[in-house]
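Notes follow the structure.
The values are calculated or read from the model by the stated rules, or taken from the named source; none is laboratory data. This is a predicted model, so every value here is computed, not measured. FYI the Cβ positions are ideal-geometry reconstructions off the backbone, even for glycines, and counts take in every protein chain you see. Each accessible area value is taken on the protein alone, full model and side chains, heavy atoms only, with ligands, DNA and RNA left out. Shrake-Rupley method; radii C 1.70, N 1.55, O 1.52, S 1.80 Å.
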Amino acid sequence: MNIDRNIVLIGFMGCGKTTFGKKLSKKLRCGFIDTDRYIELKEGMSIPQIFAEKGEKVFRQIESQVCEEAAAKNGVVVATGGGIIKNPENMRLLKKNGVVVYLKATPEHIYRNIGNDNGRPLLRGGDKMEKITSLLSERVPVYEKYADITVSVTGGTVNQVTDRIANSLEGIFMKKICVIHGPNLNFTGIREKGIYGTKNLDEINSYIIEEGTRLGFEVEVFQSNFEGAIIDRLQKCYYDNVDGIVINPGAYTHYSYAIRDAIASVQIPAVEVHLSNIHTRDEFRHKSVTAPACIGQMCGFGEYGYVLAMSALKMRI
Ligand code: DQA
């Protein structure tokens, strides 16, 4: 997914914003900020200490500064303190560049998580369950007001809930496809036109991007005549959280175990494409060592093969 904005987690204390935020940022391979932890680091004291020594008003001021800093970032998961929603300016800032996800939890779930935690200033004194229920009923309408998406965190393991949150973001962030062309494909339009067609690589790439965008993808294209550069690009797909790969490894198809291993290593669904039908050509082209690492292969359809490959990826991812 192309995480081009922040993912802001809001929800009541003890709903798991920090736990799920950390897991989600790992899963999506993006940065993570926990506003409460950040405040503690900045101030050199714990939240209960700040409340006790400086008071809630000062804490809220620091919290607003931290919101400003978080909102200036891009593509990070932000786990917010439970009360951040109390200040509309905080939410205006965080929403400006972020998708707000409300992590919804039942009072029982929250009690299970923090019933024994005496470090929560707002739950001190009196019956904790009663306090949770009354504070929650006050805050739920506010969480709902700001939420772009609501995800229930009650039920399921940490990994399952994290997957639920990630899945809920799928309609929001575009899926990323990387199209990789191998050696000599930069010579398309010049080389053996009867086999590879008359379009040059720029024209083919414009067509791929146009059709990929129509399919709802964000498309990146890359070409190299070097095996190592192709492997580096495949590995970059892993770190960039690319959702699908379309690769025409050119002649490397027939003998590069290193490219085959790189495709397998990144664990991203890949489709192999060839402009020509390699199975009707020279004997040495009949074998692809790279295709077994892919989910499928399209060949013989010219540049339309790239569109077929992207459609296949759309169905698969
Ligand atoms: C090709 C087929 C390969 O056999 C050849 O080496 C290429 C292009 C194709 O797109 O048809 O360079 O991958």
Legend entry - Residues that are of a type in the set (Ser, Thr, Tyr) and free of Cβ contacts under 8 Å to residues at least 24 places away in the same chain, drawn from segment 132-155: Ser134, Ser137
Legend entry - Within segment 104-150, tally of residues that are modelled with pLDDT of 90 or more and part of a loop (DSSP other than H, G, I, E, B): 4
Inset, instruction - Hey, can you tell me all the residues within segment 189-204 that are part of a helix (DSSP H, G or I), of a type outside the set (Gly, Ala, Ser) and within 14 Å of the ligand (Cβ to nearest atom)? - result: Lys193, Ile195, Tyr196, Leu201, Ile204
Inset, instruction - Kindly list, by first and then second residue, each pair from a residue in segment 168-185 that is touching a residue at least 24 places away in the same chain (Cβ under 8 Å) and closer than 20 Å to Val307 by Cα to a residue that is away from the ligand (no atom under 16 Å from the Cβ) and of a type in the set (Asp, Glu), limited to pairs with Cβ atoms under 6 Å and residues at least 6 apart or on different chains. - result: Met174/Glu218; Lys175/Asp243; Lys176/Glu218; Lys176/Asp243; Cys178/Glu220
Inset, instruction - Look through segment 208-222, keep the residues that are β-branched (Val, Ile, Thr) and within 16 Å of the ligand (Cβ to nearest atom), and return whichever of them is least open to solvent (accessible area, probe 1.4 Å). - result: Ile208
Legend entry - Residue satisfying all of: in segment 272-293; open to solvent by 20 Å² or more (accessible area, probe 1.4 Å) and under 27 Å from the mean Cα position of the chain (by Cα); nearest to the ligand (Cβ to nearest atom) among these: Ala291
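I'd like to check something: does segment 223-235 contain any residue that is open to solvent by less than 70 Å² (accessible area, probe 1.4 Å) and among the charged types (D, E, K, R)?
Residues of segment 223-235 open to solvent by less than 70 Å² (accessible area, probe 1.4 Å): 223-225, 227-231, 233-234.
Of the ones still in play, those that are also among the charged types (D, E, K, R) are 227, 233.
Among the residues of segment 223-235, at least one is open to solvent by less than 70 Å² (accessible area, probe 1.4 Å) and among the charged types (D, E, K, R), which makes the answer yes.
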Legend entry - The lone exception for Asp243 - which of (1) crowded, with 19+ Cβ neighbours inside 10 Å; (2) closer than 17 Å to Thr188 by Cα; (3) away from the ligand (no atom under 16 Å from the Cβ) it fails: (2)
Inset, instruction - Consider Asn205 carefully, then state whether it is closer than 27 Å to Asp261 by Cβ and open to solvent by less than 30 Å² (accessible area, probe 1.4 Å). - result: yes
Inset, instruction - Name every residue in segment 231-244 that is touching a helix residue (DSSP H, G or I) at 6+ places or on another chain (Cβ under 6 Å) and modelled with pLDDT of 95 or more, in order of residue number. - result: Ile231, Leu234, Cys237, Gly244
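Could you check segment 294-310 and list, in sequence order, the residues that are open to solvent by 50 Å² or more (accessible area, probe 1.4 Å) and either touching a strand residue (DSSP E or B) at 6+ places or on another chain (Cβ under 8 Å) or in contact (Cβ under 8 Å) with a residue 40 or more places away in the chain (or both)? Step through it out loud before you land on a result.
Quick first cut of segment 294-310, residues open to solvent by 50 Å² or more (accessible area, probe 1.4 Å) only: 295, 297, 301, 304.
Correct list: Ile295, Gln297.
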Inset, instruction - Scan segment 229-247 and give yes if some residue there is within 29 Å of Gly194 (Cα to Cα) and in a helix (DSSP H, G or I), otherwise no. - result: yes
